[in-house]
Amino acid sequence: MARYLRLLLLAVLVLAASCESAVFSPVSESHRSAALELFSLADGSYGRTALVQYSIACLLCIFPDTDHYSTLLAKTIPLNICGLTLLAISLCCTISSLEETYEALKTFKVLGIEKKHDITTSSCASVAHTLKSTSSASKDYFQALRVNSILKCDLNSEAFRGTESKLKGSLNGANSLIDFYYSIGGLVLLKEQTPEVDVHLGDADRIFRSIKALGQSDGRWRLNSNNPESSNNAAGIALEALAGVISLATPQIDNSLITTLKNDLLKLFDGIERYDDGTYYFDEKHVGALGHQSPISASASVVRGITAVAAVTSENLNLPGDKILGLAKFFLGVGIPGSAQDLYHQIDALSCLENIRQVESTPLILSLPATVISVTKKDQLKVRVSTVLGSPARTLSVRLMQIFVSGSKDASVIDQKLKFNAVSGMHVLETLPKNIDVGSYVFSFEIIFDNPEHKKAYVTGGRTRVLVDITGVIKIGNAEIVILDGDHGSIETQKKLTLPGGNDVALSANHLQKLRLSFDLTTPSGNAFNPHQAFLKLRHESEVDHIFLDFLGLVEKFFYLSGRYDIQLTVGDSDMENSFLQPLGYVELDLPDAPEKAARPPPQPVDPYSRYGPKPEIAHIFRDPEKRPAKELSLVFLGLVLIPFFGFLAGLVQLRANLKNFPKATVPSTFALLFHLGIAAVLALYALFWLKDQSQLCLTHFPCTCILLLTFLFGPIYHTEGTRLIGNVLDVCWAQDTISSCIHFVQVKIYVKGPILILRVSGTGSCLKRAQFAIWFYRVRV
Amino acid sequence: MAAPKFAFLLLNLISILPLLVSSFSVDRPTDRRILVLLDDLSLKSSHSLFFSSLKSRGFDLDFKLADDPAIAVKRYGQYMYDGLILLSPSTERFGGSLDVEGVLDFVDSGHDLIVAADANASDLIRNIAAECGVDFDEDPSAVVVDHSSYAVSETEGDHTLIAADDFIQSDVILGNKKIEAPVLFKGIGHSLNPANSMVLKALSASPSSYSTNPSSKLSSQPPSLYGTAISLVSVVQARNAARIMISGSLDMFSNRLFRAGVQKSGSLNKYEKSGNEQFITELSKWIFHERGHLKAVNLRHNKVGESEEPSMYRINDDLEFSVEIFEWSGSSWVPHVSKDVQVQFYMMSPYVLKTLSTNGKGLYHTSFKVPDVYGVFQFKVEYQKLGYTSLSLSKQIPVRPFKHNEYERFITTAFPYYGASFSMMAGFFIFSGVYLYNK
């Protein structure tokens, strides 16, 4: 946990600076805006309860006397129900809301935000209600009194007196640290708020010892005697409670007890954790009754405890100054917490640290509004010295003691006093020392008090090291791009470049030549400057990148891609104000063909936008219709084809052909007629088949008629060949699927009846009857 | 009387209960329950704006320390969360049963993931990212440095706080509102695996950026990552619609950078507030399926002039095709309006590929002629659009050739043949009569 926090904090807060030279800024405007934002968010619940409390307040205004109020409530039933509901809601809400209200009010007060007015009425009503209620726990009284300590509500002494007796009662019955804390805390607040109530503890020594009994040897405390786990958070609570006991004790508490308390305090400081950047904090491993406590809340609790103890003892606690300063830096290093509670802990702890009543312990924070100083713009190095909450310190001066080049131990010793500017409240270094060029430096400052007396009142933590980046505009000169012949180094092409500026050179080279790009960089003070980033990029048309840092050994790995390469130069440094990236033009490279084993260019990532989007449409290309001769041509050929027929007819006429031999007798003439009608029927069937549209002419007509004709002409087929014929007809019918348009075969039965094999097809459809009729004829003798 | 009523009420409640707890469904694609793994619980406070934005959108966040032994994403074969946020860059091992495979299985089953790394990124986080197609710079001390587009700051002079404004061009991923202010980024860069076609750069570095250790000199070797190849934030949409966001910066989620003002170097525009909040919020809306989820219904086709769907088409038929596409808006399905939905008439390869026209109310339709090739075809809608879940619909339909009686008849060209046949038949009939009965 601690390790993670350390990593995180290091990463988030001090990544920019080396560990020794972290800059902590005091509480600023951004804390104020965050407080307004966070606590108005928290007011979501607290605003709602305020509304409920407001209605209670109205009720209380109508019935200021509580007894009277209840008798009236008993009489008016609807009002009673409403009142009770409101009471119930307010009771469950006040517990958390009073605590939140206090946290909001306290944060606003410390930050100097005047936002009380809109909640004063409702909160005071809630306070009054809690104090008058008989069922409230000592925690509620404590929270109510805490809110009252800020709001200074107009409460009558009656309420205070009742509260005192209740708090004392709970103090006598207390056995856990929390009970002691709330009861004693409540009594202390009572004493501060009303002179009328005489709050004092007769048996202070006993209470002191029973709280002390929960303490551990390492300075931490347990929450109650049953719980073996001790925590720093509990230590803070215990210290506050003990400070309360000391302040309430009449007669004064035994001095030896205070001495042991002092020792406990020092032991507690032995267990403090330290980050590499010089911040100290109290870690919390214990997860207990109060849930998970973050280091912020644990450290804040301890700080509150120390402040309370320091306030009530006249003795010097000998608090370690560097650790107090480290704690202050820890709280400042958190930045702006995202939760209301953390913000309260941070701000409250910082205000405690600022107001700690121990002579040598107010931490002073040396901060730099800007650590990036431009020599070109002639920025001045400004240093602000203030307390943690941002209020200016008393007369003092800041001296610049040493300057280190970042990353090395070499230091130039300078002892220069910074000039104090009374208007801005800053200490200003008007001119940078002569030997400072652009680059990163660690400046070491020391705070010197004009009045040696003040030195005792503050902790400054000795020298403060700050990482300062000195930046400037770097002058670029003598820029040129040259193509050299490989062996002799003779110049073939030479082009001057303006950097930074528009360039468009067009070069061509082959693999035996060398490309040289050169330019000088000089700092404002005339020294040569070596930038951190100096890339020359050659980009092939196929978007394969090559990047070179060393301009003299060039052109080896182009994957043998000849063609046009765009040249791009990037020069940059964190201290160079005019870092640039610009195209220089292009070079046409003529490279040899790739040997077989040459490395292929690496695959380039696909452009995400090309993967998506519509594809080109595809339309089917239909087959061309067959080419046909002209209609006239076909008709001419038809005429030609018909000529023989007409010739035949003409021939018959010529030969005087007749039908005079046609039989005259009835029977032969009938058979002759039938025979010719039969032929005519077959021919007519062909003609019909050709003429009729087949969608209308059910094809079954054709086999049916055929079969009819065949049976009529040749009689029933008794041979197996005949059945094959029928089978073929059916096959054709099925295959062409024409039958199905008018008949659906449901069943095909073949069965033997006596000597006859009967093929019976049944189904439905318009042609069914005819089909059945046709098929009935096919009785095949076995 | 009251008791049965109560029991009835209870029964009702019990029957509603599964509806309440069930989340990620086909009808409501937005995630509900999200597990947040942190290195340190103080992140809850330092990154509270991000979390409160998620909470205010109705997500149920479950915060756990990354090494909490009670971490489990699955119970009795069911996933307990719809999304996972890993804000634990330095965690070497997760507590409980979760490991790299566990995280990948979680994604493979269609759940969403947000991973944030920073300069202390552990192998665990790097492995998870690598499995998603994102390779962080292998040099553990390297961070992204940009001397040309850094955020101007009075206190940070090493140009590692980058003001990036090269966003992915997609309204569905980053919302309709243009992100005006640059996004502040401080962390490590990564490159995309070219073999992975699913991963996209959501926020790219500028051409002048490079990944290096700012406190040491560059070696003669060029840095492994430089220029626009560096991706600062990448997103992945898997084939199963699981979405992943990988950021090289944990700080970019923090309240500090959410609230910080930003001025990009070399630019005179000074913004009161960085684009981080908008960028992260909009991106998280996409990641958790508040946007960009499509569904297609009512895929229909019929012959022109008919309304019934046939079981088969004949070659050269004219057909009409329509499909309805809706888009999830976070609370309801609204018509998806786009001009690039296409249908394919497909057999081994597309024979017809046509862009559908839309009526703006979700209905897409077109009509075309069936190709003169018969076989078993498919109507295919393969709709892949940047940021949207992909649609892949197909419907099989056979295409038959002409029946024998569907061909053209009485072809003029064939008249000589017809004439020959019928004149021959007529001749035969006359001849048979004349031959038999001539005297």
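The values are calculated or read from the model by the stated rules, or taken from the named source; none is laboratory data. Quick caveat, the model's predicted, so the values are computed rather than measured. Reconstructed Cβ throughout: ideal geometry from the backbone, glycine too, with neighbour counts over all protein chains shown. Surface areas here come from the heavy atoms of the whole protein model, side chains and all, with no ligands, DNA or RNA. Shrake-Rupley method; radii C 1.70, N 1.55, O 1.52, S 1.80 Å.
How much length would be gained if the chain were fully extended between residue A:423 and residue A:485, taking 0.36 nm per residue of separation minus their Cα-Cα distance, in nm to one decimal? Mind showing how you got there, number by number?
Details: separation 62, 0.36 × 62 = 22.32 nm, distance 6.55 nm.
So the chain would gain 15.8 nm between residue A:423 and residue A:485.
Roughly how large is the A-B contact in terms of buried accessible area, totalled over both chains, probe 1.4 Å, nearest 100 Å²?
Details: alone 43580 and 23370 Å², together 58710 Å².
Buried surface at the A/B interface: approximately 8200 Å².
Which three semi-axes in whole Å describe the equivalent ellipsoid of region B:174-240, each the square root of 5 times a Cα gyration tensor eigenvalue, listed largest first?
Numbers: eigenvalues 128, 62, 15 Å².
The equivalent ellipsoid of region B:174-240 has semi-axes of 25, 18, 9 Å.
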query = Helix B:2-21 sits at what angle to the longest principal axis of chain B, using alpha carbons and giving 0 to 90 degrees rounded to 10?
reply = 90
key: Ranked packing of B:71-79, A:296-304, A:681-689, most packed first, by mean Cβ within 10 Å   = A:296-304, A:681-689, B:71-79
request  = Please state, rounded to one decimal and in Å, the Kirkwood hydrodynamic radius that chain B gives when every pair of distinct Cα atoms enters the mean of 1/r.
outcome  = 26.1
query = Where does each of B:186-193, B:54-61, B:104-111 land if you order them by average Cβ count within 10 Å, highest first?
reply = B:186-193, B:104-111, B:54-61
message = Residue by residue through B:349-356, how many Cβ atoms from other chains fall within 10 Å of the Cβ on average?
response = 3
key: Separation of the residue A:661 and residue A:684 label points, Cα + 7 Å toward Cβ, nm   = 2.6
ask   = For region A:380-389, in order, what is each residue's ³J(HN,Hα) by Karplus, 6.51 cos²θ - 1.76 cosθ + 1.60 with θ = phi - 60°, in whole Hz (x at glycine and Pro)?
value = 9, 7, 10, 10, 10, 10, 8, 7, 4, 8
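Summarise the partner chain shielding of B:114-126 as one whole number: the mean count of Cβ atoms from other chains within 10 Å of each residue's Cβ. Kindly include the intermediate steps, with their values, before the conclusion.
Details: counts 0, 0, 0, 0, 5, 4, 5, 0, 0, 0, 0, 0, 0.
Average neighbour count from other chains, rounded to a whole number: 1.
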message = Just to confirm, what accessible area per residue do you get for chain B at 1.4 Å probe, in whole Å²?
response = 44
key: Carbon/sulfur fraction of accessible area - region B:283-439, other protein chains in place, 1.4 Å, %   = 54
request  = Hey, can you grab everything whose amide H is under 5 Å from the amide H of residue B:209? Only 5+ residues off in sequence or another chain; H modelled, so Pro and N-termini drop out.
outcome  = B:227
request  = Quantify how strongly other chains surround peptide A:678-687 by giving the mean number of their Cβ atoms within 10 Å of each of its Cβ atoms.
outcome  = 3
ask   = Using every alpha carbon pair in region A:364-471, what percent of pairs falls into each 5 Å bin from 0 up to the bin containing the largest distance?
value = 2, 12, 24, 25, 19, 11, 6, 1, 0
inquiry  = Filter A:378/A:495; A:409/A:537; A:475/B:217; A:166/A:262 down to the pairs with a C-alpha to C-alpha distance above 27 Å, please.
reply    = A:378/A:495; A:409/A:537; A:166/A:262
inquiry  = To make sure I understand the rule: partners must be lysines, Cα under 19 Å from the Cα of residue B:403, and not fewer than 8 residues away in the same chain. Which ones qualify?
reply    = A:692, B:303, B:369
Note, ³J(HN,Hα) from phi for region B:368-380, Karplus 6.51, -1.76, 1.60, rounded to Hz, x at Gly and Pro = 7, 8, 5, x, 8, 10, 9, x, 9, 9, 9, 7, 10
inquiry  = Ignoring everything except DSSP H segments at least 4 long, calculate the 222 nm mean residue ellipticity for chain B; use -39,500 (n - 2.57) per segment, divide by total residues, nearest 500.
reply    = -6500 deg cm²/dmol
task = Keeping the other protein chains in place, figure out the carbon and sulfur percent of the accessible area of region B:68-150, with a 1.4 Å probe.
result = 44
inquiry  = I'd like the distance separating the alpha-carbon centroids of region A:155-201 and region B:184-246, in whole Å.
reply    = 62
query = Considering amide H positions built from the backbone, and no H for Pro or chain starts, which residues 5 or more places from residue A:474, or on another chain, come under 5 Å of its amide H?
reply = A:577, A:578
ask   = Per-residue HN-Hα couplings for region A:522-529, Karplus 6.51 cos²θ - 1.76 cosθ + 1.60 at θ = phi - 60°, whole Hz, x for Gly and Pro?
value = 10, 6, x, 8, x, 8, 5, 10
